[in-house]
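See structure below.
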Amino acid sequence: MEHIKDPVGSRFEWMSTDEIAEFQSERLRESVAQAGKSPYYAAKFAEAGIKPEDIQSREDITKLPFTTKEDLRLSYPTGMLAVDPEQVIRMHTSSGTTGKPTAIFHTRQDIENWAELMARCLAMVGATSKDVFQNMTGYGLFTGGLGLHYGAERLGMWTIPAGAGNTARQIMLMKDFHVTVIHATPSYAMHIAERMLAEGDNPKSLELRIGVLGAEPYTEEMRLKLQDIYGFKVFNSYGLSEMNGPGVAFECTYQNGMHVWEDSYLVEIIDPNTLEPCKPGDVGELVMTTLRRTAQPIIRYRTRDLTRILPGECPCGRKHIRLDRMIGRSDDMLIVRGVNVFPSQIEEVLMKHEWVGGNYVIHLTTVGAMDEMTVKVEISKTSFDGSIETLRKLRDHLQKQIREQVGFSVHVEVLEPGSLPASEGKAKRVVDEREGR
Ligand code: AMP
Ligand code: ZN
C-alpha cells in the first residue's frame, strides 16, 4: 500500500468498501432530494411518480429515470439549477460543437469539492508541491483548464496556466521553468513531441516526469509511444463536464485502470440498447450520478462512453472501483459496410509501429454504393528517408494489418510528417463524408 501520507487530507480517499456503500446510499438520498429542487427534476420525478422516500439505498438507483445530453440541452439555460442563482459562483459548458451546449453550475462548495477531487488525482500519481505543473488545456468554458488548475493549486504545485496551443511557447515554458508535470490531450502531447523532434530537439531533454493525459480516447499503444518519446509516465485522466470535468476517474501509479472517486460519483454500466445493467465486468455504457454536487445534481447521466468495471483489487489499496480505458462511445461507433468499427481499433494497429507518427485521420466516403474507408497517417519525422518507395511499402503493410483488424479492405495513405492538420485540443479523428449523413 502506498497509503499513510495523505497530502490532500481527504477523509474519502481511503474509505473501505463498506464505508463507500454506506456513504453512497446516504448521499444518493440527499442528491435526489436536492435534484428535486430544480424545475427539470421536479417535473421529471412527478411524471415518474417518484417520491423521496422511494430512495433508501444505492440499490434503489434503478427506480430513477436516466438523464441524457438531450435533457440537458432542453433544460438549457437554467432548467437544472437546484439552488438560488445567488449561490452559483461558476458555470462551464461541454465541448460539443453542434447546437446548444450543456451548461453546468457550481456553488462555492462544489468548486471546493472539485478542487479536492482533482488534487487527490494529482497526488495519487505522485505529484507534490515540489513539482512545477504546466496546464496545456483550454481555460474558459471548457473544464480542462480551470479544473486541473484549482486541483494543482490545492496541492500546492507551482502552476503555469499556459492554456491550449502556441506550441513554441509551451516548449519554452517547459524548459525555462523546469516543468515536471504536464496536463494535455494525448494528441497535443504527441504534436509537441513531434515538433521538438522536427526541430532537432529531444523531448527527453525536458525534466518531465509525469504526463496527465486525457479528455479524449487513446490506446495503450499510444501511451507506450508517448512514454517512450518523453521518457515520462503517462496517466489516463477521464472526465466530462456534466460530472464537473476532469477529476472523475484517474489512474494511480499502477497504471491499471482509472479509479472513480465513489464518494462523489455512483457508477452503473448498462447495455445501451436494453438499458438494463450489464453483467459484472462486461463492457457497456457508463452511467453516472453526482453524489456531492449541490448547484446541479445530475441523476443517472448516460455518458455514451463505453467501458467496463475492472475486477479485483488495486495493489495501491484504494477501494474506489477502477474503469477500463474508454473503448469509444456508443454514439461514435462507426458502421462501415455493416461492420461496427471503433476508431480505437485503427489506432491500435497504427501505434504499434515506431515509424508511424502521432497524427492520423479516418476518412469515410461513398464510392458507388459502397462505404470506403481511407486512413491517412503521417510517418514520423525521424523514420522518413524522403523516398516514395518507403511510403508505398509502409502503406501496403498497414492496409493488410487494418484489413485483418476490421474485416474489410481499407485504403491507407502514408503522408510526410506535418501533412495533416495539427490538433491543440481534442483531436478530430473521423471525417464522415458518406452520402446521406
Ligand atoms: P467534455 O464534457 O466536453 O469535457 O467531454 C467529455 C467527453 O470526452 C467524455 O464523455 C469522453 O467521451 C471524452 N473523454 C474525456 N476523457 C477521456 C479519456 N481519458 N478517455 C476517453 N475519452 C475521454
Ligand atoms: Zn490503484
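Structure summary
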{"read-out": "Flag for GLU216 being of a type outside the set (S, T, N, Q), closer than 25 Å to SER264 by Cβ and within 16 Å of ligand 1 (Cβ to nearest atom)", "value": "yes"}
{"read-out": "Extreme residue, farthest from GLN255 (Cα to Cα), among residues of the range 299-331 that are among the acidic types (Asp, Glu) and in contact with a strand residue (DSSP E or B) (Cβ under 7 Å, 6 or more places away or on another chain)", "value": "ASP331"}
{"read-out": "Leading residue by the ranking (nearest to GLN255 (Cα to Cα)) among those in the range 158-191 that are loosely packed, with under 14 Cβ neighbours inside 10 Å and of a type outside the set (D, E, K, R)", "value": "HIS178"}
{"read-out": "Segments classed as helices (runs of 4 or more DSSP H), wholly inside the range 69-156, with at least 2 members that are in the same structural domain as GLY247 (by TED's automatic domain parsing) and among the basic types (Lys, Arg)", "value": "69-74, 108-124"}
{"read-out": "The range 310-326, residues that are within 12 Å of ligand 2 (Cβ to nearest atom) and part of a loop (DSSP other than H, G, I, E, B)", "value": "LEU310, GLY312, GLU313, CYS314, PRO315, CYS316, GLY317, ARG318, LYS319, HIS320, ILE321"}
{"read-out": "Count of the range 380-437 residues which are β-branched (Val, Ile, Thr) and either in a loop (DSSP other than H, G, I, E, B) or touching a residue at least 40 places away in the same chain (Cβ under 8 Å) (or both)", "value": "6"}
{"read-out": "Only listed residue being in the same structural domain as THR102 (by TED's automatic domain parsing), surrounded by fewer than 24 Cβ atoms within 10 Å (Cβ to Cβ) and at pLDDT below 95, chosen from GLU268, GLU194", "value": "GLU194"}
{"read-out": "Verdict on SER330 being polar (S, T, N, Q), at pLDDT below 95 and touching a Ser or Thr at 6+ places or on another chain (Cβ under 6 Å)", "value": "no"}
{"read-out": "Failed item in (1) among the β-branched types (Val, Ile, Thr); (2) surrounded by 15 or more Cβ atoms within 10 Å (Cβ to Cβ); (3) within 28 Å of the chain's Cα centre (by Cα), with VAL431 passing the rest", "value": "(2)"}
{"read-out": "THR253 being farther than 30 Å from VAL83 by Cβ and of a type in the set (S, T, N, Q)", "value": "yes"}
{"read-out": "Unique residue being more than 16 Å from ligand 2 (Cβ to nearest atom) and modelled with pLDDT of 90 or more when the list is ILE388, ILE402", "value": "ILE402"}
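Yes or no, residue by residue, for (1) in contact with a Leu (Cβ under 8 Å, 6 or more places away or on another chain); (2) farther than 16 Å from GLU413 by Cα; (3) among the small types (Gly, Ala, Ser):
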site: ARG318; (1), (2), (3): no, yes, no
site: ARG322; (1), (2), (3): yes, yes, no
site: GLY328; (1), (2), (3): yes, yes, yes
site: GLY357; (1), (2), (3): no, no, yes
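Conditions (1) within 30 Å of LYS352 (Cβ to Cβ); (2) in contact (Cβ under 8 Å) with a residue 60 or more places away in the chain; (3) of a type in the set (Ser, Thr, Tyr); (4) assigned to a strand (DSSP E or B), marked per residue:
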| position | (1), (2), (3), (4) |
| --- | --- |
| PRO246 | yes, yes, no, yes |
| GLU262 | no, yes, no, no |
| MET288 | no, no, no, yes |
| ILE299 | no, yes, no, no |
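The values are calculated or read from the model by the stated rules, or taken from the named source; none is laboratory data. No experiment lies behind these values; they were computed from the predicted model shown. Positions of Cβ are backbone-derived with ideal geometry, glycine not excepted, and every protein chain shown enters the neighbour counts.
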